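Worksheet: one structure, shown below.
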Amino acid sequence: QVQLVESGGGLVQAGGSLRVSCAASGRTFSSYTMGWFRQAPGKEREFAAAISWIGGRTYYADSVKGRFTISRDNAKNTVYLEMNSLKPEDTAVYYCAARLGAGGGAGTLEYNYWGQGTQVTVSS
């Protein structure tokens, strides 16, 4: 069982930066691929980024590539999403997710565990 708790969301102006974090419980955090998804009002939850437990390979949605960076600290059981050059369309609730297995995992059904989400609002 893995429990995930996100933090770090908030309000930022367009063009600004924000880092959200996800703290995970459990002794086998390093064995999980970790992902970040987001859901804007009235829209479906969508993939943003993932980092594999094998080699730390990273995967990004085209909409965030070059602006967002996912990273993990296995010693702290924490995964981060650094968001730069933020746009109003990045406004959403950001969810952390964990899945067993390697690979990017861009589908919500591929993930076994989810956090409660943290709100990110980008003003224009």
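The values are calculated or read from the model by the stated rules, or taken from the named source; none is laboratory data. Keep in mind that what you see is a predicted model, and the values were worked out from it rather than measured. Cβ sites come from the backbone with ideal geometry, for glycine too, and all protein chains shown count toward neighbours. The protein model used for the area step is the full one, side chains on, heavy atoms only, and it has no ligands, DNA or RNA in it. Shrake-Rupley method; radii C 1.70, N 1.55, O 1.52, S 1.80 Å.
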Pop out the carbon and sulfur fraction of the accessible area of the chain as a percent, whole number, probe 1.4 Å. 48
Under a straight-distance cross-link criterion of Cα-Cα below 21 Å, which lysines are reachable from residue 87, leaving out those fewer than 8 residues away in the same chain? 43, 65
Determine, for each peptide in 36-46, 92-102, 72-82, the mean count of other beta carbons within 10 angstrom over its residues, then list the peptides with the highest first. 92-102, 72-82, 36-46
Calculate, for the chain, the solvent-accessible area per residue in square angstrom, rolling a 1.4 angstrom probe over the heavy atoms of the protein chains. 50
